[in-house]
Amino acid sequence: MKRSALFPALIAAAGKDDTREYATSCRFCNVGCGYRVLVGRHLKPQSPDLPVVTLPDGKFVELVPDAACPVNQGDYSVRGAFLSESLYTGGGPTSDRLLHPMVRVKDRLVRASWDDALDLVGTRLKGYLERYGPESLGLYHADWFGGENAYAYMKLAKMLGIKNYDISGRLCAASGAAGLMRSLGNGTHPWALEDIEHAETIVLAGANASASLSAAYDRVFARAQSGGAKLIVVDVRRTLPARNAGRYGMFLEIRPGTDVALYNAIGNVLIAEGLVDRAFVDAHTADFDTYRAFVAQRYTPERAAQITGLTAEQIRQAARTIGRSKATLFLSGKGLEHQAHGVDMICSFINLALVTGNMGKPGGSYSPLGGHQGSIVNPPLFAGQLGDVTIPNRTIFQMYDQIERGTQKALLLASVQQIVNFPDADRFRSILSGKLEFLVVTDIYPNDVTALADVVFPAASWGETPFTSTNTERRVRFYEAFAPVPGEARPDWVVPAELGKRMGYAKEFGWKDAEQIFDEMKTGQPFAGLTYARMRASKSTNYQMPVPTAHSEGTVRLYTDGRFPTPDGRAKIWALEYLPQPEPPSRDYPFTLVTGRANDNWQSGYIFSRTPQLVARLPRNYVRINPGDAHRLGVQDGKTVRVRTRRGSIDIVAHVTDNVPPGVIFTLWGYPDSLTNVLTINVRDPISQTPCYKACAASVERV
Amino acid sequence: MKMNRRESIAVIAAASAVVAASPLDGLVGYASPASAPRVKVGTKIELDRTGRLSFAYPTAAQPAEAVQLADGRIVAYSRICTHMGCPVDYRPKEQSFVCPCHQSRFSARAKGRVLDGPAPRRLPEIALEVDARGDIYAVGISAPPFGAAETVRAVEAIYREVAP
Ligand code: SF4
Ligand code: FES
């Protein structure tokens, strides 16, 4: 039975008077599960399967996964299960929401009116512009918080000539987007979730998808379990998908960071054994001959076996499974993106989809799975969805360098924590607190950057203000507003709009609401055929981009005609060398430290830390260590150990488990108040500038 | 191991405290031993032989299972997964219940606690009594099994019959 099957009973129980239904999507991962929302004065708690939350205006709200939404079909993860508890109720765990603007007076943040705070920021920014030019200003915001908000910031950057402009996808999806861009000519995910049900083989590389993209993984698991598809999992850790693959396909337990060698060797076997789709390769790809010679010469299964720790036979078998399937779906996670050469890993993986003709056909495609949902408008690195808002951007890391040198004076941050998320975190904390002159933060809770800010604006969030984003299959997610805005909070876009007005662009920033922004920003975009009214009518199903016209029903998958948005219309096959990790284990730091996510905690735990049910499930961060290593070091399960790297150390509870192989330790990337990123290395992919969170050298000692 | 009436009430009281802490105060009375049905599960001898006993609780439509843990304790849980209602399977080696649908795992040792997976709440624990003859009875449940509205209504109807 589906949880959503209970909904009709609930509506009946609710009475007809003031009860209203809305559509929304989960605020967390890139699956973007659809939800139905009921709000009314007469909803009563029915059962523990339908949690009810009381809003500050006395209305009750209930959220139920939408059985009619093609994304999740009533399914949900434990993160989505407590969505309603993440709403502001006026009390309880969410009561520390930011409710009014604040400005720094000496060492303290004191309450200010919106007008005073905006005037102050406007005056300061104008001053910097006049004295030092636009180089002195920088903007950095979330990319999951809605296209409308992103567009307002982009427009401000464009008007003021600001080139220091970046989004949080830099830490997350940039390698995947850049890899897609290089191979296919566009950074957009080309696939459809329904490809899972058409695939005969599903290759999951570097993705603990059951923990991070759960409802999508549920579909993968169901497909494998029913015998419809073989599951091949490539991972360093023995995750749940890895164990599933052991049963329903094969698990390739690879050494950290050696993926390029594996995919090149699979390519070698595919070609040697005649398992390539020659017709597709000839008609739709470029540079196959270079690739063929390269992998034949340099990446025999035997050589790749030495690099990856697999056997040549395993590599051959994987290649045969892939090559003999009618449709193979290639999916990758942060294990390929959070790397020093993540873009190379992505491109070498996409090569396999291209040589086997698995692109743009049912069940045959490639996609990075992603973290958060994405903004539906993005600055250039995420190109392909640009419209007329183009900004030559500098990355947040370049901005930090500029701040350190003193050439950048001010930084505006919107809905992005900083320190907890940055590699070599302590370094960034000291730059922000020591070198920056003027810091403006818009957010929903106090955090590590509001503590350092000169001005803080309170944002309205999910459920309180409408906005749009997109999930991994380019399906537009429309978040309706159904709950009151806390205190004086306002939507994120209000800050850039009001600043724009104060800096001489009253006409350009005259929007009254998010819908007006949407109608402006959609021109020339792949969602040009949508309106708020149309999205509302489509409920949580919505449309897959491109939706070019008002009559278009959307686009299930891209590249069905084999034409790619490259200059010659062909996808590019890349000959790429395997490059070793930037910081290999040594005598003093004998372990490879891998970071990643957990099922119960979303990213840096912003919402998680205010959801008691989830905190109870994952009350603290941990470091996983193999029993053999633990025994050698005298480390006991449940006891605190010190994990040290060349950058810093943290004390953390050891979890002794063969979930990690010998020589590898694993800890959570963003557990709140546990600064894992004090340990990680600030080495970044040369193309995407995404940090290598997935591998650095570390030591473990008892304390 | 024999659990007397007082112990089984303690189980329910502890479980009710968990429910009371959630926004579902209206359900505390649900597990009240006074109104809970008393259902025969099987005998100690059968359990010793098979390691587990299947039964239904609190209604005939709601599958449950009693199992004997490695330390000798006898425990029982609703078999209806709290994620979306699939029937969970007992894995004696891990002493946990595993759902075949989306792989939620629940501890049989620790009051049905969710060990992994999408399930948002514990597997409801069923309070047992073993009488002098070795007959095992289910006498209460820590929370409603998954199934919400219609379950609640069905269960309430039964309670009305059972309660004095
Ligand atoms: S799978 Fe992702 S989108 Fe779906 S409920 Fe979970 S966190 Fe939300
Ligand atoms: S129904 Fe049990 S995990 Fe989904």
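We did not get these values from a lab; they are worked out from the coordinates using the rules stated. Keep in mind the model is a prediction, meaning the values are calculated, not measured. Every residue, glycine among them, receives a Cβ derived from its backbone with ideal geometry; neighbour counts consider all protein chains shown.
Overview of values
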{"item": "Label-point gap, in nm, between B:Ala60 and A:Arg324 - each point 7 angstrom along Cα→Cβ", "result": "5.1 nm"}
{"item": "Kirkwood Rh, angstrom, segment A:243-352 [1 / mean 1/r, Cα pairs]", "result": "14.4 Å"}
{"item": "Folded to 0 to 90 degrees: helix A:312-324 orientation relative to chain A principal axis, Cα", "result": "70 degrees"}
{"item": "Share of alpha-carbon pairs per 5 Å distance bin for segment A:155-303, given as whole %", "result": "2, 8, 12, 15, 19, 18, 12, 6, 4, 3, 1, 0"}
{"item": "Label-point separation, A:Gln306 to A:His42 (7 Å along Cα→Cβ), nm", "result": "7.7 nm"}
{"item": "Label point distance in nm, A:Lys126-A:Thr290, each placed 7 Å from Cα along Cα→Cβ", "result": "5.3 nm"}
{"item": "Cut-off 11 Å between beta-carbons: net charge of the residues surrounding A:Arg324, Lys and Arg +1, Asp and Glu -1", "result": "+1"}
{"item": "Environment charge of A:Thr611, counting only residues whose C-beta is closer than 11 Å and scoring Lys/Arg +1, Asp/Glu -1", "result": "+1"}
{"item": "Stretch gain in nm, segment A:Lys163-A:Asp673, where the contour uses 0.36 nm per residue and the Cα spacing is subtracted", "result": "180.3 nm"}
{"item": "Cα long-axis angle, helix A:288-298 against chain A (0 to 90 degrees, to the nearest 10)", "result": "60 degrees"}
{"item": "Amide N proximity, segment A:674-703 versus A:Ser433 label position 7 Å along Cα-to-Cβ, cut-off under 17 Å", "result": "A:674-679"}
{"item": "FRET efficiency, 1/(1 + (r/R0)^6) with R0 25 Å, evaluated for A:Thr657 and A:Arg702 via beta carbons", "result": "0.90"}
{"item": "Dipole magnitude (debye, nearest 20) for the protein assembly as shown, charges at Cβ of Lys, Arg, Asp, Glu", "result": "1180 debye"}
{"item": "Per-residue Cβ neighbour rank within 10 angstrom, fewest leading, A:Ser210, A:Ser77, A:Ser325", "result": "A:Ser325, A:Ser210, A:Ser77"}
{"item": "Spatially proximal lysines relative to A:Lys639 (Cα-Cα < 21 Å; intrachain offsets below 8 disregarded)", "result": "none"}
{"item": "Length gained when the stretch A:Ser609-A:Asp401 is fully extended (0.36 nm per residue, less Cα-Cα span)", "result": "71.7 nm"}
{"item": "Tilt relative to chain A, helix A:425-434 - C-alpha long axis, 0 to 90 degrees, to 10", "result": "30 degrees"}
{"item": "Expected 222 nm ellipticity per residue - DSSP helices of 4 or more, -39500 (n - 2.57), all of chain A, to 500", "result": "-8500 deg cm²/dmol"}
{"item": "Pairs from A:Lys126/A:Lys334; B:Lys40/B:Lys93; A:Lys361/A:Lys512; A:Lys572/A:Lys694; A:Lys334/B:Lys111 whose Cα-Cα separation, in the structure shown, is over 32 Å", "result": "A:Lys126/A:Lys334; A:Lys361/A:Lys512; A:Lys334/B:Lys111"}
{"item": "Rotationally averaged projected area of segment B:27-143 (alpha carbon convex hull; nm²)", "result": "7.1 nm²"}
{"item": "For q = 0.11 Å⁻¹, Debye-computed log10 I/I(0) when each Cα of chain A counts as one equal scatterer", "result": "-1.19"}
{"item": "Contour excess over end-to-end distance, with Cα ends at A:Val110 and A:Gln317 and 0.36 nm allotted per residue", "result": "68.1 nm"}
